Amino acid sequence: MDNEKNTMVCVTQQKTCERLIKKGAGLRDDVGGRLLVIHVTTTSLQVLGNYSQPEALDYLYEISKNVGAEMTVIRSTEVIKTLVEFCRENHISTLVLGESQRPSKENTIVDELRKRLGSRVEIKIVPV
């Protein structure tokens, strides 16, 4: 199992994350292994008055299923720690993230992931 080269895609509650899943599927097809899609939420998924969030996750679940990926939704207040643990537990070699529309603040997430994961995990940023 140490030789596994699994790919992980991080998604938000937006249908536009479909492009990330498709990028991850292409990478998985190139190297083999499993494709895992993860969404980490810090709040309950049932937000009053916001019905688009569960709908978007349902949509991304269907996209994941269509490309042979496993989708996981985890509730956690420590997003980076949760992502790092998930990477380690699932032998992730490639991590796919979307490019942030708020580069100055959001890049700290990418920097922190790189610091915690080291060279074991290649991080791919998909442009908007």
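Each value in this text was obtained by applying a stated rule to the coordinates, not by laboratory testing. Quick caveat: nothing in here was measured; it's all calculated off a predicted structure. Every residue, glycine among them, receives a Cβ derived from its backbone with ideal geometry; neighbour counts consider all protein chains shown.
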Computed FRET value (nearest 0.05) for residue 108 with residue 82, which takes r as the C-beta separation and R₀ as 22 Å | 0.85
Amide H neighbours of residue 122 under 5 Å, at least 5 residues apart or on other chains, H built in the peptide plane: list them.
-> 94, 95
Residue 42 versus residue 70: modelled label distance in nm, points set 7 Å from Cα along the beta carbon direction | 2.8
Just round it to a whole percent: the fraction of Cα-Cα distances in the chain exceeding 20 Å.
-> 42
